[in-house]
Amino acid sequence: MSTEYGIALGMIETRGLVPAIEAADAMTKAAEVRLVSREFVGGGYVTILVRGETGAVNAAVRAGADACERVGDGLVAAHIIARPHNEVEQVVSNAAKA
Amino acid sequence: MSTEYGIALGMIETRGLVPAIEAADAMTKAAEVRLVSREFVGGGYVTILVRGETGAVNAAVRAGADACERVGDGLVAAHIIARPHKEVEPVLTNAKA
């Protein structure tokens with residue numbers, strides 16, 4: 001699956017759904033990335049996962065973090081993993097499935 | 001199941017999913033461990049369970065705790081059990097479901 005979308009993984013976590021949607025919108029507009037999952041973690045946390053080329057994911061996550069900071073309760077975490085370990089793929093795809 | 005992956009159990013709990021994934025990545029890169037479960041505990045807590053040889057699990061959990069401390073709301077707990085009691089195994093497999 002990872003090869004289909006590009007290798008790198010970008011993650012944005014927000015407090016509340018509205019900043020998450022704003023981040024997802026900004027990310028997909030900023031660069032060529034695919035949204036692979038939106039996760040309700042619990043406690044009001046929402047996580048958005050994107051995949052794409054490392055440069056695109058980097059640009060997207062920066063844009064997304066910037067955009068959602070001003071919305072609602074805003075940003076909790078923004079992070080990039082350029083090449084997730086094979087074992088981690090199952091965590092990511094489980095997140096996509098659930 | 002435990003013999004398949006190695007005996008020792010490593011656990012990392014974080015506030016939020018992003019530090020949990022970062023920890024999982026750091027753990028699997030740091031040492032020969034298997035991710036056995038990712039658990040949404042509730043209240044925003046996420047737990048990652050790994051298994052492997054005691055030394056590997058030790059190294060992995062230290063690396064994972066270090067890595068995820070800087071991400072988001074970060075680390076809640078990092079812990080190792082070198083040889084979980086047989087009675088505890090069903091709790092871990094339940095956690096998998």
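Every number here is computed from the coordinates shown, using simple stated rules; none is lab data. Quick caveat, the model's predicted, so the values are computed rather than measured. Using ideal geometry, Cβ is built from the backbone for each residue, glycine included, and neighbour counts are taken over all protein chains shown.
A few comments on the model shown:
- Whole-Hz ³J(HN,Hα) from phi, Karplus 6.51 cos²θ - 1.76 cosθ + 1.60, for the range B:73-86, glycine and proline x: 7, x, 7, 9, 8, 9, 8, 10, 10, 5, 8, x, 4, 3
- Here the translational diffusion coefficient of the protein assembly as shown follows from Stokes-Einstein with Rh set to the Kirkwood radius across Cα pairs; for 25 °C and 0.890 mPa s it amounts to 148 µm²/s.
- Shielding by partners, peptide A:80-87 (average Cβ within 10 angstrom, other chains): 4
- Taking each DSSP H run with n ≥ 4 as -39500 (n - 2.57) and averaging over every residue of chain B yields -13000 deg cm²/dmol at 222 nm.
- Point-to-point label distance, residue A:54-residue A:40, nm (Cα→Cβ direction, 7 Å offset): 3.6 nm
- Per principal axis, descending, Cα span of the range A:2-97 in whole Å: 34, 27, 16
- Working ranking of peptides B:30-41, A:12-23 by packing, defined as the average number of other Cβ atoms within 10 Å per residue, highest first, is A:12-23, B:30-41.
- Taken residue by residue and averaged, Cβ atoms of other chains lying within 10 Å of the Cβ of A:37-50 number 5.
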